[in-house]
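Just below is one structure, and these are the notes that go with it.
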Amino acid sequence: MPESKLSPRRISAVEKQRRAVELRMAGHTWQTIADTLGYSNHSSAIRAVEAALVKTLEPAADSFRALTLERLTKVIQVFWPMMIQGDYSAARTVMQASSDIRKLMGLDSPVQVEHGGNGIPIQHEVSQVSIEIGDVTEALKVLADIGAVRLEPNGHQTNGSLDSLYPAQTDS
């Protein structure tokens, strides 16, 4: 007979996953989470958090997503000025944070899928954000439009456009 979804073992496992999400939100390493909760290794702690997020343990998972988004936004805010000054390491950091935001928000997933029947073709629409170093301004506008980042004034007079601060370079 299969184990009940309400068995003490399953309830304990869900509670342990919830606790793993909370510890990760608090900034603990995967190994610390594994050691604290008795997982065999850091990979087990990662899988526990992933399982909790998939199951969407609502309060903890939503808080983790929001906290992670805030942290990634802060990374972009901190490294953005250095990237604009030509620091390629900072540019890589900004691009990685942008990629992580896309994954967190599910932006690389299909946005709309319509299935037809009776001989009607299946239509798929996929939205994807692609970022190149040359069009960071446009990428940030896209991320701002979807709410993934906040663009805030930094004291420069921009006339409402990032382009006035960082005009596009033309090939000569």
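The values are calculated or read from the model by the stated rules, or taken from the named source; none is laboratory data. Keep in mind that this is a model prediction, so the values were computed, not measured. Methodologically, a virtual Cβ is constructed for each residue, glycine included, from the backbone with ideal geometry; neighbour enumeration extends over all protein chains shown.
When only residues in segment 32-55 that are surrounded by fewer than 13 Cβ atoms within 10 Å (Cβ to Cβ) and of a type outside the set (Gly, Ala, Ser) count, which is modelled with the lowest pLDDT? Only one residue tops the list, namely Lys55.
Please find, among Ala66, Ala52, Ala61, Ala91, the residue that is within 22 Å of the chain's Cα centre (by Cα) and more than 20 Å from Ala148 (Cβ to Cβ). Walk me through how you get there before you give the answer.
Numbers: Ala66 fails: more than 20 Å from Ala148 (Cβ to Cβ); Ala61 fails: more than 20 Å from Ala148 (Cβ to Cβ); Ala91 fails: more than 20 Å from Ala148 (Cβ to Cβ).
Checking each option against the conditions leaves just Ala52.
Within segment 65-87, identify whether any single residue is buried (at least 17 other Cβ atoms within 10 Å of the Cβ), assigned by TED's automatic domain parsing to the domain that holds Lys141, farther than 21 Å from Trp30 by Cα and among the polar types (S, T, N, Q), and answer yes or no. For segment 65-87, residues buried (at least 17 other Cβ atoms within 10 Å of the Cβ), assigned by TED's automatic domain parsing to the domain that holds Lys141, farther than 21 Å from Trp30 by Cα and among the polar types (S, T, N, Q): absent.
Any residue at all in segment 47-58 that's free of Cβ contacts under 8 Å to residues at least 60 places away in the same chain, at positive phi and not aliphatic (A, V, I, L, M)? Among the residues of segment 47-58, at least one is free of Cβ contacts under 8 Å to residues at least 60 places away in the same chain, at positive phi and not aliphatic (A, V, I, L, M), which makes the answer yes.
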